[in-house]
Amino acid sequence: MSAASEASAAAAQAAAVEAEKDPIHLRIRDLRKSYGEHEILKGVTFDVLRGLNNVIIGASGSGKTVMVRQLIRLEKPNAGQIIVDGQDITSLSDVDLVPARRKFGMVFQMSALFDSMDVYDNVAFLLREHTKLRERDIREKVMARLKALGVEHAAHKMPAELSGGMKKRVAVARALALEPKILIYDEPTTGLDPITSRTVDDLIEQTRETYGVTSVIISHDMASVFRVGHHITYLYKGSIEASGTPEEFLASDSVRVAEFLEASGVSKDLMREGRA
Amino acid sequence: MAEVAPQPVKAPSTDAPIAAPPSGDAPIAEPRSGFFPPWLVTIGRAVVSIPLRFFSEIGMLAGLLGQALFWGIRPPYRFSLLLAALEFVGVQSLFIVGLTGLFIGMVFGIQLVDGFRQFGAENQAGPVVGMALTRELAPVFAALMVSARAGSAMSTELGSMRVTDQIDALTTMAVNPIQYLVVPRIIAGAVMVPLLTMLFNLIGIFGAWLVCVQILGLDPGVFVENVKWIVDAKDVTQGLIKAFVFGFTVTLIACRHGFYAKGGAAGVGQATTSAVVQSAVAILVLDYLITSIITGQGGL
């Protein structure tokens with residue numbers, strides 16, 4: 001390696017170390033997205049805090065899912081910036097996005113497991129695609145991950161044979177395969193019964209603690225939001241209405257926040273209990 | 001608490017469905033109808049929508065093709081996926097293509113012997129069957145069979161992956177879905193349809209021989225010699241060129257409809273139907289164009 005490339009690698013490493021000290025993992029600045037004449041995101045600005053569970057809430061149609069699609073660049077925003085560890089990913093080409101996307105893992109609402117592969121192959125997929133590990137090492141890693149998430153017995157089952165909760169666990173195992181820094185959950189408890197929802201909440205918190213990931217959770221399940229959330233951002237009709245810790249959120253004097261909390265049907269006391 | 005001031009509302013509401021991936025059936029802007037009677041506006045809109053949708057569809061196919069070429073030449077090269085696609089398009093179509101070829105050859109043999117007997121030229125049935133098969137029938141029928149069997153399955157599989165977020169999941173995993181899903185299928189179509197066409201030729205001519213010689217009593221030596229005399233390499237090459245274009249087109253259309261499917265199970269069903277219908281029409285239109293270009297006749 002030449003002296004110049006050594007210096008450049010050292011500089012990149014130093015920048016990465018420096019970035020890791022920044023408490024803000026993801027900066028979203030004036031993000032805008034329209035479909036035709038219909039503006040969905042109207043200049044959204046907020047921060048995602050490193051190593052915490054960041055929850056984005058909002059009513060159906062408020063633009064939550066559209067926003068998460070921009071965050072991971074499934075779609076290109078019309079304007080604004082998404083800055084990950086100091087790098088703006090909004091203007092990157094599809095080719096340049098490949099390394100940037102490896103910082104993210106995503107757990108889809110319906111899990112989106114590959115239905116032509118069994119659980120083992122789903123989790124091994126990323127390791128086979130992005131690493132040069134031998135099959136023996138891949139097997140070790142996959143089984144360890146499945147065991148940590150309590151689904152090792154389902155390794156050779158097909159996704160269609162799994163329950164909703166198990167699918168979610170496998171989806172988390174798959175998303176964690178390359179040890180991403182940011183894990184995005186799109187409505188993780190929607191459509192699940194209360195007991196499974198609680199299990200998924202525990203899983204989100206346990207994953208954050210164990211792997212030190214920054215979680216971004218899109219949800220409108222208020223019980224779940226207050227159980228796992230460290231930082232809550234409220235999206236109202238494509239704009240950020242409020243943002244803060246759960247305690248600050250409950251104490252908000254915003255009429256729209258109050259309406260949303262009231263409409264959720266979960267009392268503030270219960271939400272505080274959820275925190276406790 | 002960091003509270004952000006509400007911003008001025010620029011759109012009446014955001015309670016609209018999330019935009020789906022681009023598609024060729026985008027709604028056409030509402031025309032101003034004040035000057036014209038409503039029935040005229042409706043008819044006018046229907047007439048204008050036909051070329052608009054046609055060009056929109058061509059644009060979609062060209063866009064997907066461009067991306068497939070761009071990602072097809074970039075590493076990583078996934079040979080196992082290509083082999084699986086070759087097996088799916090080619091090997092799994094052997095039986096249906098062989099069966100179709102056999103019966104087309106047999107039916108054609110009966111019809112031509114019956115027709116040529118009227119002026120004592122039944123010995124020409126063999127070469128005419130051979131020429132018709134190699135130039136036209138084999139590539140067209142092989143492509144139609146591949147479209148019906150493999151194209152429809154491709155469209156359904158990709159459509160199902162689209163509506164269950166599996167294609168988005170691939171993207172979030174830094175795996176380009178066009179490179180992973182579309183490129184191997186298009187290559188498989190372009191490679192396997194010509195090979196299936198060759199098989200169709202052989203079995204079709206065998207079917208004609210079976211009927212003409214074994215059932216209708218034509219002289220076997222004359223049948224074979226006439227086929228060898230009339231059918232030459234140019235005829236076979238013309239058929240193979242068509243087969244290559246058809247195989248490529250059929251898989252491209254199937255992938256386009258599946259890849260950009262939307263609207264749940266009904267959308268997947270619609271995508272599959274559109275893929276099969278469009279493929280059949282494309283095969284017939286392209287057949288005319290290629291024949292016209294190769295023969296220098298027919299206006300092109």
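Roughly how many nanometres apart are two label points built 7 Å out from the Cα toward the Cβ at B:Gln297 and B:Arg78?
4.7
Between region A:204-260 and region B:192-234, what is the C-alpha centre distance in whole Å?
Distance between centres, Cα-based: 74 Å.
Exposure proxy check: A:Ser62, B:Ser292 ranked by fewest other beta carbons within 10 Å?
In order of increasing Cβ crowding within 10 Å: B:Ser292, A:Ser62.
Angle between the Cα long axis of helix B:264-295 and the longest principal axis of chain B, 0 to 90 degrees, nearest 10?
Between the helix axis and the principal axis of chain B, the angle is about 50 degrees.
How large is the Kirkwood hydrodynamic radius of region B:214-275, in angstrom, based on all distinct alpha carbon pairs?
Computed over Cα pairs of region B:214-275, the Kirkwood hydrodynamic radius comes out at 15.4 Å.
Between A:His153, A:Val68, A:Ile204, whose Cα lies farthest towards the positive end of the dipole of chain A when Lys and Arg beta carbons carry +1 and Asp and Glu beta carbons carry -1, centred on the Cα centre?
Farthest towards the positive pole: A:His153.
Using a Gaussian network model on chain B with a 10 Å cutoff between Cα atoms, which of B:Val48, B:Val182, B:Val236 fluctuates the most?
B:Val48
Rank B:Phe259, B:Phe55, B:Phe244 by mean-square fluctuation in a GNM of chain B with C-alpha springs under 10 angstrom and give only the top-ranked residue.
Taking springs between Cα atoms under 10 Å, the residue moving most is B:Phe55.
What's the center-to-center distance, using Cα atoms, between region B:57-75 and region B:244-300 in Å?
15
Cα centroids of region A:56-133 and region B:101-125: how far apart, whole angstrom?
Value for the Cα centre distance between the two parts: 61 Å.
With runs of 4+ DSSP H residues as the only contributors, calculate the mean residue ellipticity of chain A at 222 nm using -39,500 (n - 2.57) per run, divided by the residue total and rounded to the nearest 500.
So the calculated ellipticity at 222 nm is -13000 deg cm²/dmol.
Relative to the longest principal axis of chain B, what angle (0 to 90°, nearest 10) does the C-alpha long axis of helix B:233-259 take?
20
Among A:Lys33, A:Lys21, rank each residue by its count of other Cβ atoms within 10 Å, from fewest to most, as a rough exposure measure.
A:Lys21, A:Lys33
Rounded, prolate or oblate: pick one for chain A, where a ≥ b ≥ c are the square roots of the eigenvalues of its C-alpha gyration tensor, a/c under 1.5 means rounded, and failing that, prolate if a/b is larger than b/c, else oblate.
oblate
Can you give the charge dipole size of chain A about its Cα centre, rounded to the nearest 20 debye, using +1 on the beta carbon of Lys and Arg and -1 on the beta carbon of Asp and Glu?
500
Treating cross-link reach as a plain straight distance, find the lysines whose alpha-carbon is under 18 Å from the alpha-carbon of A:Lys167, omitting any fewer than eight places away in the same chain.
Hits, sequence-local ones excluded: A:Lys147, A:Lys157.
As an exercise, use a Förster radius of 56 Å and the Cβ-Cβ distance of B:Leu210 and A:Met158 to find the FRET efficiency, rounded to the nearest 0.05.
It comes to 0.80.
Multiply the residue separation of B:Asp232 and B:Ala62 by 0.36 nm, subtract the distance between their alpha-carbon atoms, and state the gained length in nm to one decimal.
The span from B:Asp232 to B:Ala62 would gain 57.7 nm if fully extended.
Can you tell me how much longer the chain between B:Phe116 and B:Gln92 gets when fully stretched, taken as 0.36 nm per residue apart minus their C-alpha distance, in nm with one decimal?
Gain on stretching B:Phe116 to B:Gln92: 4.9 nm.
Against the globular-protein guess of 2.2 N^0.38 Å, express the Cα radius of gyration of region A:81-186 as a ratio, rounded to two decimals.
The value comes to 1.13.
In region B:50-74, which residues have a backbone nitrogen under 14 Å from the label point lying 7 Å from B:Phe35's Cα in the Cα-to-Cβ direction?
none
What FRET efficiency comes out for the pair B:Val222/B:Val107, r = Cβ-Cβ distance, R0 = 25 Å, nearest 0.05?
Once rounded, the FRET efficiency stands at 0.75.
How would you rank A:Arg27, A:Arg174, going from fewest to most other Cβ atoms within 10 Å of each one's own Cβ?
A:Arg27, A:Arg174
What shape does region A:28-99 take by its C-alpha gyration tensor, where a ≥ b ≥ c are the square roots of the eigenvalues and a/c under 1.5 counts as rounded, a/b above b/c as prolate, and the rest as oblate?
Here region A:28-99 falls in the oblate category.
Cut-off 10 angstrom, C-alpha nodes, Gaussian network model of chain B. Which of B:Gly189, B:Gly120, B:Gly267 fluctuates the most?
B:Gly120
Per 20 Å bin, what is the whole-percent P(r) computed from every C-alpha pair distance within the protein assembly as shown?
Answer for the protein assembly as shown: a P(r) of 17, 42, 27, 11, 2, 0 percent.
Bear in mind these aren't lab numbers, they're just calculated from the coordinates by the rules spelled out. Computed from a predicted model, the values in this text were never measured in an experiment. So basically every Cβ, Gly included, is an ideal-geometry build from the backbone, and we count neighbours across all protein chains shown.
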